[in-house]
Structures are given as C-alpha cells and as structure tokens.
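A short worksheet on the structure shown next.
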Amino acid sequence: MNILPSALYTAEQTRLLDKTAIETAGIPGFTLMKRAGRAVFSALLNRWPRVASITVLCGGGNNGGDGFVVAALAKQKGLQVQALFVGGQGFAAGLSGEAREAWLWASGEGVHFEPYDAATPLHGEVIVDALLGTGLTGEVREPFAALIERINRMSTSVLSVDIPSGLCSDTGRMLGSAIKADITISFIGLKLGLFSHSAVNHVGEVLFDDLRIPDTVYEQVDVAAFRVTQEDVAECLPPRRRTAHKGDFGHVLVVGGNSGMGGAALMAAEMAVSCGAGKVSLATREEHVVASLIRAPEVMVKGVRSGLEISPLLEQVSVVVIGPGLGRDAWADHMLQVVLQSNKPMVLDADALNLIAEKGLLSRLKGLPSVITPHPGEAARLLGTDTAEIQSARQSSVEQLHRETGAVVLLKGSRTLISDGDSLYVCSAGNPGMASGGMGDVLSGVIGGMLAQKLSLIDAARVGAYAHAHAADLCTEQNGEIGLKATDLIPYVRSVLNGIV
C-alpha cells in the first residue's frame, strides 16, 4: 500500500490507465483484478486483524469481480465468507470478461455465492462493498439503493472497493444514496471524487494501491487534478540565502478592519508576519490603531479615513490583502476602488468579494493579478446563484469563477479547490474544527505572505491553503477540534512552512 499520490483522475482517465496497462504494458486484466483483490484483503486484515467472518457484496461489473477475488482469498485464509451477489438469480450468466474469470476462480476455491434479497441476514463482522464501482453515472437503482441504506443503518464496519457505492467518482456527489465506509481503497488512479466536499462523509480512510502499474503507463494519460502536499511547500519555499534581508521577502498591506471588526484585518496581518513576509502594514479604522499595535507590534498600523489615504501606502508595498473586516459601507467601497486601481498583486476575501458582487464588479478583476478566496456563500453571490448549487458543483463553480474574473480562485470548504484555469488543485488537509470565525481571515494573510515572497498566484494559493489546513490538523492532534481558534493556527502554519512537521 502506497502513500497517497498527488495525482487525481476521473473515472474515464482511470479506465484509460487500465486499458493502457493491459494493451501496452502487457498486464492481463485478470492479473490486475487479482492484485486489486489482494490489496483489499490485505487492507482488511491490517485494519481488523482479528476478523473471523466477512460479508462480500458484489455487483455485476469489475467492481464485483474484485469482490469475488476478496471472497476467494478470505476463504483460503480460513475466514467465514458470506458471498452475496446483487442482481437476481441469473447473475452468473450475465458476467463477462475479467469479472467472469474472477467468479469462476472464486467458485473453484470453494466460495459459494448466493443471491441477495432484503430478507438475507448479513453475518460478517466486516462488510466488503463491491457493488457499483466507478462506472455509476445515474441515480442508484433498486435493489442497490435499499441495500445501501440498510448497510448505513448497521453498526458493522465497511470496506469499499475503489469508491463507496453510490458516489460519483468524478465529483463525489451522492447519486441518490451512497455507502458510508470506514475504509476506501482506490486502485491504479486515485479518484478525484474521493476528495470532494460531499464525499468526505462517505469515504472514511482513503488508501491506494497502484497495482504495480509501470510509470510509462501514467505518462500516457492526463491528470484531472492534484492534491497539495508538504512536498509542494518545500518546492515553493526553498531555504533562504544566508545573506537574505527583509527587503527580499516583500511588503504586505492588509486593508480592512471597519468599525467593530478590527480583529479580522489584524489576524490577517499577524499571520502574514508569521508566514515570512519581510514587512507588513495594516490600513484600518483609526479606533483600532492602538489595540493593533499592542497586539502585534511587528505590524505597521495606519488609521485611514478614506481610500485616498492608502494611496501612499500602495506605492510602497508589493502585495495587498483586502477584505477581512472591511464591511460594506462607503468607507469600505472607497478602499476597494482604490486598491483595484493599484494593479498590485492582491488577495480579495470576505467583504471585498461581497462588495464586488453587490456592485457588479466581477469583470473588473480581468487583467488584475489577483487571488479570490470565497467561501460557498460568497461564491454564490458572485455567480448569482445559491450556496446549495455551489456545493453540488464545486469544480464547475471554480472554473466558472475563473472564466469570469481571470483570477486564481480558491473555493473554501472541506476539500478546498484551487484553480488558475489550467490546473486544478485539491487541499485534502483540514478538519471540522476550522468551522469557526476568523479562519478565512488568517488564510488570506497566509496567501498574502506567500505572494510577498514572490510565489506565483497559483503557488501562493495552493501552498497557502495547504499550510493553513495542515496547521489546523497539527493543532487539533494535541488539543481536539472543538474550540479551535483562528489565531491558534499561527505558530503551526510557521512550522508547516519551515518543514517542521
């Protein structure tokens, strides 16, 4: 079992990998199926080493064929095996290709397959879900839908083969109903849908096995997306020169902190400092200046009454972060207009995005070097839709936002997506403890700090997203998810960026 790779594939791309492995690498399809079955059984024994009985639920495709192999291996090992096929009495006659080979082989190993019906008791201590696989495109039909709901009501542990039955392998969307697995083991190509927002509640722990496919096969097939990892951080932030000085690492200006919301902008500025920006300034309401200096003396704080007063600051800085605590009044609007005219590399978040939506300024971003970081509600306002629509089609929403703005788009949420129109990245780090106020503000500070250190827009967004989310994981390992504060992440983000993890 390998460490999860960064490359993610659609179902069609994975089928092409499988076909290429068979046709150009000369690996028989049944050999790949037996390798997949062995990988499943090994994962099962590793997770539940004392298991004595399993129930293997098989459909009629290659996913079911993998299940046939698992059942045979379990029988060889001396486990009690309940092997059930779903699809009626004539199930075996409808099998073809590798799935039929697997069924014949398993039957020869002494596995007795029985048809499933709703009255069939499920005896196994672990259920192996080999029902539907990656070929599913429409809604789950009966009897599969009722069986999936039955399994989800049980307390029995579940291992899903390739993808939990009922999930779309490209989008992660639940197609009517979907298995909630404890483990999902994916083969050949890691499925993009396993890392979608909606799939998180279904996949459990994700494992991967490449079935010993040679690298030459992967070189022939396009990749749908990439997971961001610690390796990306190291690649984008190499060790600093011993002669470095603060001028080498940029100057971030954070604009925000309207009346009563000074903390949001200050958190962004404080995070930019901790992420390695050479200098950080904060333009905020005058009433927040003293408190900001007390909290973060490293930040140069200026109270401003209008956008005109930030013009001199804009001439001095290399990057602007605007939006945290900005508000939507005339003061905020003036600040945004002046920043947009500056043509500086910028991160637009929170109320900066809400103002852009209200004022119809989406196309104004075209040609500006910008990263926008909407949460689903903000994305919905920008695109004139609702949050549910954004969440049900996160990939297409990111792509549409990029087309309409030209910006690098970071759509926040569980499994944050980042796109520059050419490449799609997924941040699979993070946890529910991040569902608290201020998390987006500190993220904008991280990205601003990355831009100041001369990372490209897309690199700043993807590295920033990963450092922010992984920091939250490190923090909750020690203290738990409940009560996680945005400022708790600051020292951990620093550790992630320095490779001290």
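Key figures for this structure:
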quantity: Dipole magnitude of the chain about its Cα centre (Cβ charges: Lys, Arg +1; Asp, Glu -1), debye to nearest 20; calculated: 700 debye
quantity: Compactness of the range 174-254 as Cα Rg over 2.2 N^0.38 Å, two decimals; calculated: 1.68
quantity: Listed residues 141, 15, 241 arranged by accessible area, highest first, probe 1.4 Å; calculated: 141, 241, 15
quantity: Label-point separation, residue 246 to residue 201 (7 Å along Cα→Cβ), nm; calculated: 4.8 nm
quantity: Extended-chain gain in nm, criterion 0.36 nm per residue less alpha-carbon gap, residue 93 and residue 495; calculated: 138.9 nm
quantity: Dmax and Rg, reported as Rg then Dmax, of the range 282-402 (C-alpha, Å); calculated: 15.4, 44
quantity: 29 Å Cα-Cα threshold exceeded, pairs from 19/77; 191/412; 359/412; 191/366; calculated: 19/77; 191/366
quantity: Computed label-point distance, nm, for sites residue 155 and residue 219 using a 7 Å Cα→Cβ extension; calculated: 5.3 nm
quantity: All-pairs alpha carbon distance profile, the range 1-157, 5 Å steps from 0, percent; calculated: 2, 9, 17, 22, 20, 16, 10, 3, 1, 0
quantity: FRET efficiency, 1/(1 + (r/R0)^6) with R0 22 Å, evaluated for residue 364 and residue 316 via beta carbons; calculated: 0.40
quantity: Label-point separation, residue 456 to residue 119 (7 Å along Cα→Cβ), nm; calculated: 6.4 nm
quantity: Within the range 139-166: backbone nitrogen closer than 14 Å to the residue 392 label point (7 Å, Cα to C-beta); calculated: 139
quantity: Amide H contacts under 5 Å for residue 124, placed H, 5+ residues apart; calculated: 55
quantity: Mean residue ellipticity (222 nm) of the chain, computed from DSSP H runs ≥ 4 via -39,500 (n - 2.57), nearest 500; calculated: -12500 deg cm²/dmol
quantity: The range 185-196 - phi-based ³J(HN,Hα) in whole Hz, Karplus 6.51/-1.76/1.60, Gly and Pro as x; calculated: 10, 9, 10, 6, x, 5, 6, 4, x, 5, 10, 8
quantity: Integer Hz, Karplus 6.51/-1.76/1.60 couplings in order for the range 404-415, x for Gly and Pro; calculated: 7, 10, x, 7, 6, 10, 10, 8, 6, x, 4, 6
quantity: In Hz, Karplus ³J(HN,Hα) per residue of the range 468-476 (6.51, -1.76, 1.60; θ = phi - 60°; x = Gly, Pro); calculated: 5, 6, 5, 4, 5, 5, 4, 5, 6
quantity: Size of charge dipole - the range 129-168 - debye, nearest 20, with Cβ of Lys, Arg +1 and Asp, Glu -1, no other charges; calculated: 100 debye
quantity: Surface accessible to a 1.4 Å probe, residue 318 within the full protein complex, Å²; calculated: 50 Å²
quantity: Radius of gyration, Dmax [the range 82-154; alpha carbons; angstrom]; calculated: 13.0, 35
quantity: Nearest-20 debye value, the range 404-498 charge dipole, Cβ charges on Lys, Arg, Asp, Glu; calculated: 120 debye
quantity: Two-decimal Rg to Rh for the range 128-188 - Kirkwood Rh, Cα set; calculated: 0.93
quantity: Taking the convex hull of Cα positions in the chain, its mean projected area over all directions (nm²); calculated: 24.9 nm²
quantity: Interchain or long-range residues, amide H under 5 Å from residue 80's placed H; calculated: 53, 54
quantity: Amide H within-cut-off set for residue 157, under 5 Å, with H built and near neighbours excluded; calculated: 127
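The values are calculated or read from the model by the stated rules, or taken from the named source; none is laboratory data. Here the structure is a predicted model, which means the values were calculated and not measured. Positions of Cβ are generated from backbone atoms using ideal geometry, with glycine treated the same way; all protein chains shown enter the neighbour counts. Only protein heavy atoms, including side chains, enter the accessible area calculation; ligands, DNA and RNA are left aside. Shrake-Rupley method; radii C 1.70, N 1.55, O 1.52, S 1.80 Å.
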